[in-house]
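First up is the structure itself, then whatever we jot down about it.
The values are calculated or read from the model by the stated rules, or taken from the named source; none is laboratory data. Model, not experiment: these values are computed from the prediction. Every residue, glycine among them, receives a Cβ derived from its backbone with ideal geometry; neighbour counts consider all protein chains shown. Each accessible area value is taken on the protein alone, full model and side chains, heavy atoms only, with ligands, DNA and RNA left out. Shrake-Rupley method; radii C 1.70, N 1.55, O 1.52, S 1.80 Å.
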Amino acid sequence: MSTFYEMNFRVDSRDVDLFNQCRPSALLGYLQEAATQAALALHASGPEIRAKYNCLWMVARSWLELDAPLRWNDPLTVKTWHRGASGASSYRDFDLFRDGTPIGQGTSQWVMVDADSRALFRMKNLTEFQGTDGGALNKSVRLRRPALPDAFDSRVRRDLRYSDTDINGHVNNTHYADFACDSLHLEALGRDKFVRSFQIGYTGECRAGETIWVDTAVRGDGLFARGQGEDGGERFDFALELDTLPKNDR
């Protein structure tokens with residue numbers, strides 16, 4: 001028997017850009033909130049996991065694909081489920097619907113780490129996930145690091161502040177998408193394009209007060225970004241694919 005969770009949203013005016021398209025960071029926010037509520041329903045939320053296992057949930061990589069952009073005031077339903085608990089990570093899948101019609105899908109890869117040592121927790125020991133996966137709904141998508149360009153075109157400095165942080169004390173995963181999209185100047189795309197898909201990987205924690213450098217490259221309809229700390233260590237990778245909108249949808 002499949003176990004899934006559904007959550008309804010309405011695209012907020014604060015979440016659309018100058019082209020009236022829902023920003024990648026806002027889309028990640030909707031998925032994150034649905035995942036959080038689904039974890040609460042399974043008694044596997046952040047506070048509960050911290051209390052029982054002394055662990056934190058961390059998203060390692062996220063991927064999202066859209067058939068068309070979501071716009072202001074669109075009704076959005078997010079259907080989500082996890083694929084089970086094994087190894088060092090767990091996948092959570094998503095289907096997106098606008099007015100009941102499928103409009104996209106996504107997948108995120110999660111790990112649990114010890115709150116003190118940051119050592120990985122073995123998912124087989126997570127009893128809350130046993131027998132509660134999506135079953136036949138489970139997607140086959142496996143997330144791997146995208147092929148980034150051999151060379152980048154430009155570099156932008158980004159100072160990290162209070163407004164970037166979340167309950168775990170580090171920069172929230174949705175903000176990395178803003179760092180990438182700002183550095184790639186998505187405001188210059190024009191109304192004839194939309195974000196068909198994007199993938200973001202989180203390779204190092206960032207905290208308020210730190211500075212990162214974002215390298216960017218554009219290769220046709222493929223846009224790429226990489227964030228590095230001042231120590232040269234990578235913090236995130238990002239790959240985005242654009243598509244052309246029909247003339248009647250611009």
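Would you say Ala44 is assigned to a loop (DSSP other than H, G, I, E, B) and buried (at least 20 other Cβ atoms within 10 Å of the Cβ)? When the stated conditions are applied, Ala44 passes them.
For region 97-116, a tally of residues being within 21 Å of Gly201 (Cα to Cα) and either in contact with a Gly (Cβ under 6 Å, 6 or more places away or on another chain) or of a type in the set (Ser, Thr, Tyr) (or both) returns 2. Restricted to region 44-103, and to residues that are under 19 Å from the mean Cα position of the chain (by Cα) and of a type in the set (S, T, N, Q), which residue is modelled with the lowest pLDDT? Across region 44-103, the extreme among qualifying residues is Ser89. For region 81-103, the set of residues classified as part of a strand (DSSP E or B) and touching a Ser or Thr at 6+ places or on another chain (Cβ under 9 Å) consists of Trp81, His82, Tyr91, Arg92, Asp93, Phe94, Asp95, Leu96, Phe97, Arg98, listed by residue number. Picking from residues in region 147-171 that are closer than 20 Å to Trp57 by Cα and touching a residue at least 24 places away in the same chain (Cβ under 8 Å), the one that is surrounded by the most Cβ atoms within 10 Å (Cβ to Cβ) is Val171. Consider region 235-250 and keep the residues that are under 21 Å from the mean Cα position of the chain (by Cα) and buried (at least 16 other Cβ atoms within 10 Å of the Cβ). The one that is farthest from His185 (Cα to Cα) is Arg235.
Taking Arg71, is it closer than 27 Å to Gly46 by Cα, part of a loop (DSSP other than H, G, I, E, B) and open to solvent by 30 Å² or more (accessible area, probe 1.4 Å)?
Working: closer than 27 Å to Gly46 by Cα: no; part of a loop (DSSP other than H, G, I, E, B): yes; open to solvent by 30 Å² or more (accessible area, probe 1.4 Å): yes.
Answer is no for this residue.
Looking at region 68-83, is at least one residue within 22 Å of Gly227 (Cα to Cα) and touching a residue at least 24 places away in the same chain (Cβ under 8 Å)? No: zero hits.
Taking the criterion of being of a type in the set (D, E, K, R), in contact with a Gly (Cβ under 8 Å, 6 or more places away or on another chain) and farther than 28 Å from His82 by Cα, would at least one residue in region 175-194 satisfy it? Within region 175-194, not a single residue is of a type in the set (D, E, K, R), in contact with a Gly (Cβ under 8 Å, 6 or more places away or on another chain) and farther than 28 Å from His82 by Cα. Do we have Leu143 as under 25 Å from Arg226 (Cα atoms) and either touching a residue at least 60 places away in the same chain (Cβ under 8 Å) or more than 15 Å from the chain's Cα centre (by Cα) (or both) here? Considered against the rule, which asks whether it is under 25 Å from Arg226 (Cα atoms) and either touching a residue at least 60 places away in the same chain (Cβ under 8 Å) or more than 15 Å from the chain's Cα centre (by Cα) (or both), Leu143 comes out as yes.
Is it true that Thr203 is in contact with a helix residue (DSSP H, G or I) (Cβ under 6 Å, 6 or more places away or on another chain) and within 26 Å of Gly87 (Cα to Cα)? Against the criterion (in contact with a helix residue (DSSP H, G or I) (Cβ under 6 Å, 6 or more places away or on another chain) and within 26 Å of Gly87 (Cα to Cα)), Thr203 does not qualify. Reported count of residues in region 194-223, each being of a type in the set (Asp, Glu) and either more than 26 Å from Leu120 (Cα to Cα) or surrounded by 22 or more Cβ atoms within 10 Å (Cβ to Cβ) (or both), is 2. One residue alone among Arg98, Arg14 is in contact with a Pro (Cβ under 8 Å, 6 or more places away or on another chain) and closer than 28 Å to Ala188 by Cβ, and that residue is Arg98.
Considering (1) part of a loop (DSSP other than H, G, I, E, B); (2) on the phi < 0 side of the Ramachandran plot; (3) surrounded by fewer than 17 Cβ atoms within 10 Å (Cβ to Cβ); (4) not β-branched (Val, Ile, Thr), the lone condition that Asn20 does not fulfil carries the number (2).
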